[in-house]
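The values are calculated or read from the model by the stated rules, or taken from the named source; none is laboratory data. Every value quoted in this text rests on a predicted model; they were computed, and no experiment measured them. With ideal geometry, Cβ positions are generated from the backbone for all residues, glycine too; neighbour counts draw on all protein chains shown. With ligands, DNA and RNA removed, areas are computed over all heavy atoms of the protein, side chains included. Shrake-Rupley method; radii C 1.70, N 1.55, O 1.52, S 1.80 Å.
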Amino acid sequence: MKVIKRDGKIVDYDRSKIRIAIEKANSEVDPKERATSKQIDNIIKYIEDMKKKRMLVEDIQDEIEKKLMEYKKFTLAKAYIVYRYNRALIRKANTTDESILRLIRNENKELAEENSNKNTMLASTQRDYIAGEVSRDLTERIILPEKISKAHKEGILHFHDMDYFVQPIFNCCLINISDMLDNGTVMNGKLIESPKSFQVACTVTTQIIAAVASNQYGGQSVDMKHLGKYLRKSYDKFVNKLTKKYKNTLTKKQIEEIAKDRLKDELAAGVQTIQYQINTLMTTNGQSPFVTLFLHLEDGDPYIEENAMIIEEILKQRFEGIKNEKGVYVTPAFPKLIYVLDENNCLKGGKYDYLTKLACQCSAKRMYPDYISAKKMREIYEGNVFSPMGCRSFLSPWKDENGNYKWEGRFNQGVVSINLPQIGILSEGNEEKFFEILDERLELCKEALMCRHHSLLGITSDISPVHWQYGAIARLQKGEKIDKLLKGGYSTLSLGYIGIYETTMLVKGVSHTTEEGEKFAVKLMKYLRKACDTWKKETGLGFALYGTPAESLCYRFARIDKEKFGSIKDVTDKGYYTNSYHVDVREKIDAFTKLKFESQFQPISSGGCISYVEIPNMQNNLDALEELIKFIYENIQYAEFNTKSDYCHVCGFDGEIIINDDNEWECPNCGNKDHSKMNVTRRTCGYLGENFWNVGKTKEIKARVTHL
């Protein structure tokens, strides 16, 4: 028998521990109240005769208490209960010492890999993680109801971002950058007036991004269309200065040409400021700001030409990359870019198709930008097009008192995700039983999400002036409560979900890409959506169904379930669960079919959705990539490419890894031959196996590349 401890670890059953625990309780009572040696043996035998393969340590202790009561050892049973309680207090007294020490010694690999944008070697980052460990400890032991905390530990649900929950801060947002730039803002008690030029607007924008990132824990998005007017201000300023100085020596056309040249320089400098500032700034949580730039050209925008220039420069600079410490151009992690495909740029002869072609080249080399179809998004969100909130969660439509849709200046209160495959395992293939268990666990998720809501209720604007008082979210008065922004659907509460594929395999015995499986998967998705809609009506709060890109959670849920239920084919044996509604990576399906299949789930998961397709190196086959982009515009709201380009993790080389004379992969820049420290494009034959790539008729190399 295996015993599952409270921390989830599985150990061998040890009968001596039962005897020791009862004898310690025996020592606390009068001799006549004690259990005899034979009675202790019988209790041990009773537990062993249950012949369970696995038992929770709490269940073993419950059985001990029951047997003591049967023997009428009431005083002893009470002493044993007190013993259990005292042991629990000892466990709860301090659960952070070892995890913090392991972090400082850089031994906590799980924590180090949790966020690739955080370097756990840095003192500033360690401080954030130490604070996070304390927050997580207090959240689990004191702040959350015990049943929610227990459900999180057992992988029933995942209460996201416990490491920040001790503070009254929220998840992610759409910054109202237009208000902050046009009307000015305040940071660190200093007034920042509306910029008079594009360069200054870019600098102020990065300051705002850093301040916002330091006072929340999730991502943020900035709609770059609001900077178009400042680019025109710069142009007008150049023209006015040149006219004043050279009006008698230069023609109007000459002055305009010089002004355009200067504007190009300022445009490049401003965009470079944004890119380099975001990548070099360190926020108070020990990382670069998690920010997304939203690139959308709207017909009718008076500054559409300026915005086209800004988008072009952003894409050019992202294509080039940023130099690392070795002087090699690499792909920066931030800002993330989202490029909107609309009628004017969807490669059907539109005026701005040239920008989409540039975006295509950028995707082939740098994996960014992601793509949103304005056509499909308008179908889902009442004719609107807007950015996700950095972390890819979407807001629900909301109108102000004048009946106008409002997106910027809104936010997400937090996320709780449900482990669907675990319910599938427990249902044992019985669909009716599955939905019964699902109902119970959805109520648990609702209660957990309400914990997030209640943690923010009553908070005043002083907690983060840049958010609540100076325009990022609102312009509240000092000391004013934020409650009105938590209600009525202004902000969202997200129900995340993992493993539609695995759940379908467990309940129906087939993939959700089959006819039978697809029918069940759609039914399940609609069931989850209906739960969110019902909660919204009951509470007046903005519950939303969120297909979270929680990669680490896919592994956490799978690990917990494998420990509990063992290896299950096509489910726990893989070591991961498939993210949200996605097709499992092992299924043989082409990119077009995958996107089309997954597109049906995005309108249901309107609180957040994204689909991925993995493609080979497309730098020499841009026509194929353009066809895929056209397909996205017509068929799916939100998609991203994972491009397998070569990359050396030793020196940051971002070109083509060569095959040397010894038939080995080798970085041409630094000579690295360690396959675990490089990405290698699967080229020539496109074989998708994990152990080798055929790279020509005479060259074949076996390699295990772990960083794909």
Next item on the list: For segment 62-79, name all the residues that are assigned to a loop (DSSP other than H, G, I, E, B) and of a type in the set (Phe, Trp, Tyr).
Entry: 71
Next item on the list: Within segment 188-206, work out how many residues are free of Cβ contacts under 8 Å to residues at least 40 places away in the same chain and surrounded by fewer than 18 Cβ atoms within 10 Å (Cβ to Cβ).
Entry: 6
Next item on the list: Collect the residues in segment 32-49 that are at pLDDT below 90 and open to solvent by less than 60 Å² (accessible area, probe 1.4 Å), keeping them in residue-number order.
Entry: 33
Notebook entry, point to check: Residue check, residue 321 against (1) open to solvent by less than 10 Å² (accessible area, probe 1.4 Å); (2) at negative phi; (3) touching a Phe, Trp or Tyr at 6+ places or on another chain (Cβ under 7 Å), all met but one. Which one?
Noted result: (2)
Next item on the list: Could you tell me whether any residue of segment 465-485 is open to solvent by 10 Å² or more (accessible area, probe 1.4 Å) and closer than 17 Å to residue 544 by Cα?
Entry: yes
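Can you tell which of 29, 82 is modelled with pLDDT under 90 and more than 43 Å from the chain's Cα centre (by Cα)?
29
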Check: Looking only at residues in segment 519-558 that are in contact with a Cys (Cβ under 8 Å, 6 or more places away or on another chain) and either part of a helix (DSSP H, G or I) or among the hydrophobic types (A, V, I, L, M, F, W, C) (or both), which one is farthest from residue 508 (Cα to Cα)?
Finding: 543
Next item on the list: Return yes when residue 70 is modelled with pLDDT under 75, farther than 30 Å from residue 335 by Cβ and surrounded by fewer than 15 Cβ atoms within 10 Å (Cβ to Cβ) and no when it is not.
Entry: no
Checklist line | Within segment 559-604, tally of residues that are part of a helix (DSSP H, G or I), touching a residue at least 24 places away in the same chain (Cβ under 8 Å), touching a helix residue (DSSP H, G or I) at 6+ places or on another chain (Cβ under 7 Å) and not polar (S, T, N, Q) | finding: 6
Item checked: Inter-residue pairs, beta-carbon under 7 Å, first touching a residue at least 24 places away in the same chain (Cβ under 8 Å) and in segment 310-329, second assigned to a strand (DSSP E or B) and aromatic (Phe, Trp, Tyr), 6+ apart -> 321/329; 322/329
Notebook entry, point to check: Looking at segment 519-564, which of its residues are surrounded by fewer than 19 Cβ atoms within 10 Å (Cβ to Cβ) and in contact with a Phe, Trp or Tyr (Cβ under 8 Å, 6 or more places away or on another chain)?
Noted result: 522, 527, 533, 536, 555
Margin query: So in segment 607-642, with the set limited to residues that are open to solvent by 10 Å² or more (accessible area, probe 1.4 Å) and under 19 Å from the mean Cα position of the chain (by Cα), which one is modelled with the highest pLDDT?
Written below: 640
Checklist line | Residue among 154, 133, 110, 146 that alone is out of contact with any helix residue (DSSP H, G or I) (no Cβ under 6 Å at 6 or more places or on another chain), closer than 22 Å to residue 556 by Cβ and modelled with pLDDT under 80 | finding: 110
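Are any of the residues in segment 369-391 open to solvent by 50 Å² or more (accessible area, probe 1.4 Å), within 18 Å of residue 627 (Cβ to Cβ), in a helix (DSSP H, G or I) and touching a residue at least 60 places away in the same chain (Cβ under 8 Å)? Quick ask: steps written out before the conclusion?
Taking segment 369-391 and keeping what is open to solvent by 50 Å² or more (accessible area, probe 1.4 Å), we get 375, 378-379, 382.
After this cut, where a residue has to be within 18 Å of residue 627 (Cβ to Cβ) as well, the list is 375.
Remaining after also requiring in a helix (DSSP H, G or I): 375.
Still in the running and touching a residue at least 60 places away in the same chain (Cβ under 8 Å): 375.
Looking for residues that are open to solvent by 50 Å² or more (accessible area, probe 1.4 Å), within 18 Å of residue 627 (Cβ to Cβ), in a helix (DSSP H, G or I) and touching a residue at least 60 places away in the same chain (Cβ under 8 Å), one finds at least one in segment 369-391, hence yes.
For segment 605-620, enumerate the residues that are under 18 Å from residue 642 (Cα atoms) and touching a helix residue (DSSP H, G or I) at 6+ places or on another chain (Cβ under 7 Å).
Correct list: 611, 613, 615, 618, 619.
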Check: Of all residues in segment 278-310 being acidic (Asp, Glu) and part of a loop (DSSP other than H, G, I, E, B), which is nearest to residue 322 (Cα to Cα)?
Finding: 298
Margin query: Where the second residue is part of a loop (DSSP other than H, G, I, E, B) and among the polar types (S, T, N, Q) and the first is under 13 Å from residue 461 (Cα atoms) and lies in segment 475-491, which pairs have Cβ atoms under 8 Å and are six or more apart or on separate chains?
Written below: 475/469; 476/469; 477/469; 478/469; 485/491
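Restricting to segment 169-184, give me the number of residues that are out of contact with any helix residue (DSSP H, G or I) (no Cβ under 7 Å at 6 or more places or on another chain), at negative phi and open to solvent by less than 40 Å² (accessible area, probe 1.4 Å).
So the answer is 7.
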Notebook entry, point to check: Only one of (1) part of a helix (DSSP H, G or I); (2) open to solvent by 60 Å² or more (accessible area, probe 1.4 Å) is not met by residue 52, so which one is it?
Noted result: (1)
Next item on the list: Among the residues of segment 222-256, write down those that are more than 21 Å from residue 309 (Cβ to Cβ) and either among the small types (Gly, Ala, Ser) or outside any helix (DSSP H, G or I) (or both).
Entry: 247, 248, 249, 250, 251
Next item on the list: Quick one: in segment 330-355, of everything that is more than 26 Å from the chain's Cα centre (by Cα) and hydroxyl-bearing (Ser, Thr, Tyr), which residue is most open to solvent (accessible area, probe 1.4 Å)?
Entry: 354
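Name the single residue, out of those in segment 243-286 being among the β-branched types (Val, Ile, Thr) and free of Cβ contacts under 8 Å to residues at least 12 places away in the same chain, that is least open to solvent (accessible area, probe 1.4 Å).
Here the answer is 251.
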Margin query: For segment 143-168, give me each residue that is open to solvent by less than 30 Å² (accessible area, probe 1.4 Å), in contact (Cβ under 8 Å) with a residue 24 or more places away in the chain and either part of a loop (DSSP other than H, G, I, E, B) or hydroxyl-bearing (Ser, Thr, Tyr) (or both).
Written below: 144, 155, 156, 160, 164, 165
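Quick check, is residue 437 surrounded by 19 or more Cβ atoms within 10 Å (Cβ to Cβ) and of a type in the set (Val, Ile, Thr)?
Details: surrounded by 19 or more Cβ atoms within 10 Å (Cβ to Cβ): no; of a type in the set (Val, Ile, Thr): yes.
No, not satisfied.
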Next item on the list: Check off (1) buried (at least 19 other Cβ atoms within 10 Å of the Cβ); (2) at pLDDT below 95 for residue 361 and give me the number that stays unchecked.
Entry: (1)
